[in-house]
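Below are the structure tokens for one structure; questions will follow.
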2 protein chains.
Amino acid sequence: MSHFNYIDLFGFLAALLTTIAFLPQLYKTWKTKSADDVSLVMLILFITGLICWIVYGLKIHSIPILFANIVTFIFNFSILILKLTYRNNTQ
Amino acid sequence: MSHFNYIDLFGFLAALLTTIAFLPQLYKTWKTKSADDVSLVMLILFITGLICWIVYGLKIHSIPILFANIVTFIFNFSILILKLTYRNNTQ
């Protein structure tokens, strides 16, 4: 830990925050059973981007890129599934 | 361009997609004047994370990290402002 500096701390904090941020969205969607205001195009573009990040992480052998993007993918894919489920329920 | 490879292409595509993804969300929120289903906690955590990415990008002098996160910050900060504006309007 002696080589750990405050620049790494910002990078770690950044990755942590932009990953766990989607947990309250997942919880809110699950609880309210509504995601009408959440853009379907956003979810599809974002999830496609996350898959590209995962491929990139695999290719450059970066564990932090892989870990952060796999977790973010799981959260956003779950939000997408919930959105599609609740949309079908109200039809 | 001779050194450009398909690994870089995945990284570039990943950054592009996870950045522009928020544009349709911004457009949807502006058009429907509603963002009740969008989690406020998500926006606050995500924006805080983006600020950390920008600080990290400045510290390590990474133009791609800076560029992608500044654009994503602008989109998400605008969504936050719209969400708070429309919430106040309906009170």
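Rule-based calculations on the coordinates, nothing more; no lab input. Quantities reported herein were computed from a predicted structural model and do not represent experimental measurements. Cβ: placed from backbone, ideal geometry, glycine included. Neighbour counts: every protein chain shown.
Report the residue, chosen from A:Thr48, A:Thr29, A:Thr72, that carries the largest GNM mean-square fluctuation when chain A is represented by alpha-carbon nodes joined by springs under 10 Å.
With Cα springs under 10 Å in chain A, the top fluctuation among A:Thr48, A:Thr29, A:Thr72 is at A:Thr48.
How big, in percent, is the set of alpha carbon pairs in chain A lying more than 18 Å apart? Could you put the intermediate results ahead of the total?
Numbers: 2145 of 4095 pairs.
Of the Cα pairs, 52 percent sit more than 18 Å apart.
To the nearest 10 degrees, how steeply does helix B:63-89 sit against the main Cα axis of chain B, on a 0 to 90 scale?
Taking Cα atoms only, the helix is inclined about 0 degrees.
Ok, one more. In chain B, which chymotrypsin sites (Phe, Trp or Tyr not before Pro) are in a loop and have at most 10 other Cβ atoms within 10 Å, using DSSP for the loop call? Walk me through the intermediate numbers first.
Numbers: sites: B:Phe4, B:Tyr6, B:Phe10, B:Phe12, B:Phe22, B:Tyr27, B:Trp30, B:Phe46, B:Trp53, B:Tyr56, B:Phe67, B:Phe73, B:Phe75, B:Phe77, B:Tyr86; in loops: B:Phe4.
Sites meeting the loop and neighbour criteria: B:Phe4.
Can you list, shortest first and in nm, the gaps between the label point of A:Ile63 and those of its counterparts in the other copies, using a point 7 Å from Cα in the C-beta direction?
3.2
Something else: From the label point of B:Asn5, set 7 Å along Cα to the beta carbon, how far off in nm is each other copy's matching point, shortest first?
2.8
For the rotation taking B to A, I'd like to know which residue in chain B has the C-beta closest to the axis, plus that distance in Å.
Residue with the nearest Cβ, plus whole-Å distance, for chain B: B:Asp37, 2.
Let me ask another. As I understand it, the value is the acute angle between the Cα axis of helix B:6-20 and the longest principal axis of the Cα atoms of chain B; what does it come to in degrees, rounded to 10?
With rounding to tens, the tilt is 20 degrees.
Pick out which of A:Ile70, A:Ile60, A:Ile51 has the largest mean-square fluctuation in a Gaussian network model of chain A, springs linking Cα atoms closer than 10 Å.
Taking springs between Cα atoms under 10 Å, the residue moving most is A:Ile60.
For B:Lys28, give me every one of the aspartates and glutamates with a C-alpha distance below 14 angstrom, ignoring sequence neighbours fewer than eight places off in its own chain.
Partners found: A:Asp36, A:Asp37, B:Asp36, B:Asp37.
Using helices alone, what [θ] at 222 nm do you get for the protein assembly as shown, with -39,500 (n - 2.57) per DSSP H run of 4 or more residues, divided over all residues and rounded to the nearest 500? The partial results should precede the final answer.
Details: 8 runs with 146 residues, N = 182.
Dividing the helical sum by the residues of the protein assembly as shown leaves -27000 deg cm²/dmol.
Another one. Determine the relative contact order of chain A: mean sequence separation of Cα pairs under 8 Å and six or more apart, normalised by residue count, in whole percent.
Values: 55 pairs, mean separation 36.8, N = 91.
Dividing the mean separation by the residue count of chain A yields 40 percent.
Rg to Rh ratio, the protein assembly as shown, alpha-carbon atoms and Kirkwood radius? Don't jump to the answer; show the numbers that get you there.
Values: Rg = 16.9 Å, Rh = 17.0 Å.
Rg/Rh for the protein assembly as shown comes to 0.99.
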